[in-house]
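> The following block contains the structure, expressed as structure tokens.
Values quoted throughout were computed directly from the atomic coordinates according to the rules given, and no laboratory measurement underlies them. Because the structure is predicted, anything quoted here is derived from the model rather than measured. In this analysis, Cβ positions are derived from the backbone assuming ideal geometry, glycine residues included, and neighbour counts consider all displayed protein chains.
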């Protein structure tokens, strides 16, 4: 499987991981103040940023760079 | 009184910044509308983020978390981190490239050219305008209610504080002044400055509010326990169905305009990666403040007022003033782009088309654009004086309409078989389904079969687009060649 396939697969996995149904009624608190459901989704946001960092490195659209060249004076 | 003085100083600073950015203004309509397509990565990150983080993100999220608890973060913020960046990546970059190649300034121009159909433009224009207006309204309403609550029960302003209509009016004037002189370049600079202000001040406010409640641990301990979980307040299906709401960014006219300002495609890399983290930095504190407010205020306060009340409880007026200025920064960083985009749409899609763009000199175009921005601001201000809906719920309805138009922009970029009739069917279906569901909603958040109405709007829009496109004559190959060059096919 190529980079695009892996990226699509991980993207779908991230969408599934968003549904943290196992934490629905979990009232535990992290670090004494952060409800676990909120902590999970805050960490999820960081993982999503790392995912996009991988995406722009691995599959940056080459044709968009061509447009840069076309537009150059 | 000190609170108001600090807010006035902040607004004056903003005008100075607008003045400085106008020195770079090239006095052309292209610079007014698109900053001559010269915006680099830092300004693009800040302006895209500042534009998407509206009153909804601060005032609305705090109020909604006060009502429904921590699940509000998952509903909007973490979905947005994934979906917004996907839209920037899949839609934004392509539209930027096409905009640069063919000189588009508005979405209507792109769709009209993509499908070679005049009616499409006439149909899309009023719908986009009708959907942006409520989005503007929530900004003015939030600014008014926040300053009102922060200044309430003070010696200088009496029990009711500064009336909302005064704050909304002053904000309109400030935004209009810097947009008037510097156009989108001034808006981008102001957005960057205001985004930094609301990120920094937001974090300061978070810790000060926590401190006023006895520390972060005590604040969470005192909060209503039902707000620390999702059981009982948000169903699983409801939670999942929010996935469709962030698709709306793909059709925000103000975001389209910001995308076109990028200097190069590479400029998009930073916004795609950093956007989810920036969302987290703003939303986590807001959600916690909303949850903590249930312990400090009880559970019967109006949700729109929660952030203002919590800031107003800070004993130090200097801090209250600074934090209020930060909230106004977040609100204004969206208002300027939205006002400007509506002015741009009226100028480009109505006046320039009626008169003929070639018939007007550049200074005449500039004059008309400025006049229209002023007209839009005045109309929105008057409407804000009579609107009373919940900020969060009004925004979600507005996002649902834009999300319904997302299949159209996606198909126009990736599916050659999309036809003008399919596009028109998709727009009409979105408008009809949205209107029916909105009119039937009782005012509070409406669910259909346990899901958000947006699910049905997007599905209906997609089905009508596909069915009608397949049943009508394809777009001619010469036109398609302009939008899907051969090199794309070989990859």
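> Which parts of segment B:393-424 would a label at residue B:439 reach, counting a residue when its backbone N lies under 19 Å from a point 7 Å out along Cα-to-Cβ?
What the label zone holds, given the 19 Å backbone N cut-off, is B:397-398, B:400-402.
> Could you give the angle, 0 to 90 degrees to the nearest 10, between helix B:420-440's Cα long axis and the longest principal axis of the Cα atoms of chain B?
That helix lies at roughly 30 degrees to the long axis.
> Continuing with the same structure: How high is the relative contact order of segment B:343-488, in percent, counting Cα pairs under 8 Å that sit 6 or more residues apart?
27 percent
> Which shape class, rounded, prolate or oblate, goes with segment B:197-287 when its Cα gyration tensor gives a ≥ b ≥ c as root eigenvalues, a/c under 1.5 marks rounded, and past that a/b bigger than b/c marks prolate?
Taking the square roots of the gyration eigenvalues as a ≥ b ≥ c, segment B:197-287 is oblate.
> Also: Rounded to the nearest 10 degrees, what's the angle between the helix B:41-52 long axis and the longest principal axis of chain B, both from Cα atoms, 0 to 90?
70 degrees
> Contour minus end-to-end for residue B:448 and residue B:472, with contour as 0.36 nm per residue of separation and end-to-end as the Cα-Cα distance?
Between residue B:448 and residue B:472, full extension yields 5.4 nm more.
> Neighbouring Cβ atoms within 10 Å as the yardstick, rank A:9, B:184, B:140, B:120 fewest first.
Placing the least packed residue first, the sequence is A:9, B:120, B:140, B:184.
> Sequence gap at least 6, Cα distance under 8 Å: using those rules, report the relative contact order of segment B:120-190 to the nearest whole percent.
Computed over segment B:120-190, the figure is 21 percent.
> R0 = 45 Å: FRET efficiency of residue B:101 with residue B:8, Cβ-based, nearest 0.05? Show your work: numbers first, answer last.
Working: r = 45 Å, r/R0 = 1.00.
Efficiency for this residue pair is about 0.50.
> Something else about it: Sticking with the crude label model, points 7 Å out along Cα→Cβ, report the distance from residue B:156 to residue A:28 in nm, one decimal please.
With each label point 7 Å from Cα toward Cβ, the separation is 4.9 nm.
> Can you sort A:41, B:258 so the residue with the fewest Cβ neighbours within 10 Å comes first?
A:41, B:258
> Just need the relative contact order of chain B here, percent rounded to a whole number, with Cα pairs under 8 Å and 6+ apart.
31 percent
> Computed over the Cα atoms, what is the radius of gyration of chain B divided by 2.2 N^0.38 Å, N being its residue count?
0.96
> Now for a separate question. Given only helices, namely DSSP H runs of n ≥ 4 each adding -39500 (n - 2.57), what is the per-residue ellipticity at 222 nm of chain B, to the nearest 500 deg cm²/dmol?
Rounded to the nearest 500, the figure is -23000 deg cm²/dmol.
> If you take the alpha carbon radius of gyration of segment B:235-336 and divide it by 2.2 N^0.38 Å, what ratio comes out, to two decimals? Provide the component values of the computation, followed by the final result.
On the way: Rg = 17.6 Å, N = 102, 2.2 N^0.38 = 12.8 Å.
Segment B:235-336 yields a ratio of 1.38.
> Diagonalise the Cα gyration tensor of segment B:14-76 and give the resulting equivalent ellipsoid semi-axes, square root of 5 times each eigenvalue, largest first, whole Å.
The answer is 35, 13, 9 Å, longest axis first.
> Rounded, prolate or oblate: which fits segment B:1-149, taking a ≥ b ≥ c as square roots of the Cα gyration tensor eigenvalues, rounded meaning a/c under 1.5, else prolate when a/b beats b/c?
Because a/c hits 1.5 or more and a/b fails to exceed b/c, segment B:1-149 counts as oblate.
> What order do you get for A:18, B:238, B:254 when you list them from fewest to most C-beta neighbours inside 10 Å?
B:238, A:18, B:254
> To test your reading of the geometry: what angle, between 0 and 90 degrees and rounded to tens, separates the Cα axis of helix B:391-404 from the longest principal axis of chain B?
So the inclination is approximately 20 degrees.
> Tell me, what is the Rg over Rh of segment B:147-190, with Rh the Kirkwood radius over Cα pairs?
Working: Rg = 14.4 Å, Rh = 11.8 Å.
So for segment B:147-190, dividing Rg by the Kirkwood Rh gives 1.22.
> Still on this structure, I have one more. Under 37 °C and 0.692 mPa s, how fast does segment B:272-390 diffuse according to Stokes-Einstein, given a Kirkwood radius computed over C-alpha pairs? Answer in µm²/s, whole number.
Answer from the Stokes-Einstein relation: 183 µm²/s.
> Right, another one. Once you wrap a convex hull around the alpha carbon atoms of the protein assembly as shown, what is its projected area averaged over all directions, in nm²?
It is 24.7 nm².
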